[in-house]
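Beneath this line is the structure, given in structure tokens, with notes to follow.
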Amino acid sequence: MRRRITFVGALFLMIFALLFLQLNDLQIVKASSLAEAPGNYSAIIKAFSTPRGAILTANGQVMAMSVPSSSQYKYQRVYPHGSLYSDVTGYYSLIYGTSGLEDEYNQYLQGKVAAPSSFSQLLTKSYSTDSLVTTLQSKLQQTAYQALGSLKGAVVALNPQTGAVLAMASNPTYNPAPLASPNGTTEEDAWKSYLANPEQPLLNRAISRAYPPGSTFKIVTTSAIFDHDPKLARVNFPPVATIALPQTTHRLHNYAYEVCGGELPVLLAVSCDTGFAQIGLRLGATNLHAEAENFGFNQVPPIDLPGAAASTFPPVSFFSQNLPQLAFSSIGQGDDQATALQMALVGSAIANNGSIMVPHLLSRIISSQDATVESYQPKVWKVATSPSTAAKVTQLMVGVVKNGTATGIALPGIEIAAKTGTAQTTLTRHSNILGQSDNWMVAFAPAQDPKIAVAVVVPKQAGLSANPTGAQYAGPIVKAMIAAALGVKL
């Protein structure tokens, strides 16, 4: 009997020890992670019952802030300018969580219990919050949306010397305010409405959607000439409307069968597809692929914003038995895909002596007392090409504005470097039928001391006619952005 009692007693002691260890594990070791776990109702109530730091533009305009609320959550997130900054700020939702900068910098924005500095503060709980100052310029952001108007598309403007994002617009967009409502029904109705909209307002077309870059990719092809086979810059290609493609009976033709040819300055100025296709075939897949990757293709740009997509250029093996596709890839078609952010980085590389700076929205984190907690230091992401090549390509892009397809964006007294682009999407280039196209332009200015690099894409959509260069739709937007950045009245 005594042996049984001893055994039972030992068993209970072991169970008690295990329970004690488990309790300590939950209350001490895992307490923090459990408290912050998604779906923890008490954590959600706490998060929405404390103030949250503001998100500001570089010039101090409030993009997002928390205000006292009469609801059970005590604070509500508000977005004073509605949809103007939504693709950057994202939303802060009780039901759907966080996105954009609200998500990227949540650790700073969320309120924290402040350390007491006096005896009276020991009796009352107070909170401290950090705010996020971004690189966005409110004037440029407003200009981007005004210039887009009713057009579906995206605009990305960068400071090429630092990588700072000066403006980022995606249209159609959405208002984040209903998603931050303390009323669950309001949130759910807004969410369902956004998801049901075929125009996908929640999609950030500036960083998350890639399109064929069309002739804007000729910036990369032109750089590859100087980096891998400079003698191609001096080849005088005979003026033709079409060229034969290897390994096939098909032919590649210029837009509307226009005739073009000549040396590189003329080819780029008029955006001659037949000339650049021949250049691409002579450069070869290995060189063109290497150049594309040097400019950031096949990698996700390291921007501090969730959802960025990689732009793509096919692998060398793809072209081994498919040389016609190399001809198309050299003019930004075929399987080439690029985001507006990527093409802004391509323009920035040329503008910044061949180096691509890390694109960023963070300028600095400031405390509730306006003290700087953390500040961003610009850094190089990739060395795309040499300063010598960048200088040569800059001058060729200046020629596109002075004598080529981008003359419409010229501004008095300002030298602008640019490249237009279209990518036909409703037909093959073997056909003589003209269909809709994705419209592009990449530019920077002033050409010799760039303050802004901008990329605009206006994809195919109802109501737009085919155009040969991209200047018809993307051009006015680019011009408006450069004028606003440099203080020029249109």
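The values are calculated or read from the model by the stated rules, or taken from the named source; none is laboratory data. Note that the structure is a prediction, hence the values are computed from the model and not measured. Cβ coordinates were reconstructed from backbone atoms using ideal geometry, including for glycine residues, and neighbour counts include every protein chain displayed. What goes into the accessible areas is simple: the full protein's heavy atoms, side chains included, and nothing from ligands, DNA or RNA. Shrake-Rupley method; radii C 1.70, N 1.55, O 1.52, S 1.80 Å.
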(request) May I ask you to list the residues in the stretch 370-391 that are of a type in the set (A, V, I, L, M, F, W, C) and either in contact (Cβ under 8 Å) with a residue 60 or more places away in the chain or not in a strand (DSSP E or B) (or both)? (result) ALA371, VAL373, TRP381, VAL383, ALA384, ALA390, ALA391
(message) I need the helices (runs of 4 or more DSSP H) fully contained in the stretch 252-369, keeping only those with at least 2 residues that are more than 17 Å from PRO212 (Cβ to Cβ).
(response) 264-270, 273-283, 285-294, 340-351
(request) Show the residue pairs that are 6+ apart or on different chains and have beta-carbon atoms under 7 Å apart, the first residue being within the stretch 170-197 and under 11 Å from TYR96 (Cβ atoms) and open to solvent by 40 Å² or more (accessible area, probe 1.4 Å), the second being hydroxyl-bearing (Ser, Thr, Tyr) and not in a helix (DSSP H, G or I). (result) TRP191/TYR96
(request) Give the residues of the stretch 437-462 that are surrounded by fewer than 24 Cβ atoms within 10 Å (Cβ to Cβ) and either aliphatic (A, V, I, L, M) or modelled with pLDDT under 75 (or both), sorted by residue number. (result) ALA447, ALA462
(request) Please work out if GLN142 is at pLDDT below 95, in a helix (DSSP H, G or I) and more than 16 Å from the chain's Cα centre (by Cα). (result) no
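Conditions (1) surrounded by fewer than 20 Cβ atoms within 10 Å (Cβ to Cβ); (2) polar (S, T, N, Q); (3) at positive phi, marked per residue:
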position: SER271; (1), (2), (3): no, yes, yes
position: ALA290; (1), (2), (3): yes, no, no
position: ASN298; (1), (2), (3): yes, yes, yes
position: PRO301; (1), (2), (3): no, no, no
position: PHE318; (1), (2), (3): yes, no, no
position: ALA327; (1), (2), (3): no, no, no
(message) For the stretch 231-251, give me each residue that is among the aliphatic types (A, V, I, L, M), surrounded by 13 or more Cβ atoms within 10 Å (Cβ to Cβ) and assigned to a strand (DSSP E or B).
(response) VAL240, ILE243
(request) Find the residue count for the stretch 414-436, including only residues that are more than 20 Å from PRO459 (Cα to Cα) and at pLDDT below 95. (result) 3
(message) Against the conditions (1) more than 21 Å from HIS360 (Cα to Cα); (2) open to solvent by less than 60 Å² (accessible area, probe 1.4 Å); (3) not β-branched (Val, Ile, Thr), where does PRO68 fall short? Just the number, please.
(response) (2)
(request) Could you look through the stretch 145-169, keep only residues that are polar (S, T, N, Q) and in a loop (DSSP other than H, G, I, E, B), and pick out the one that is most open to solvent (accessible area, probe 1.4 Å)? (result) SER150
(request) Search the stretch 71-82 for residues being of a type outside the set (Phe, Trp, Tyr) and out of contact with any strand residue (DSSP E or B) (no Cβ under 9 Å at 6 or more places or on another chain), and hand back the single one that is most open to solvent (accessible area, probe 1.4 Å). (result) GLN72
(request) Would you please list the contacts, defined by Cβ atoms under 6 Å and residues six or more apart or on different chains, that run from a residue in the stretch 273-302 that is acidic (Asp, Glu) to a residue that is assigned to a helix (DSSP H, G or I) and open to solvent by 10 Å² or more (accessible area, probe 1.4 Å)? (result) none
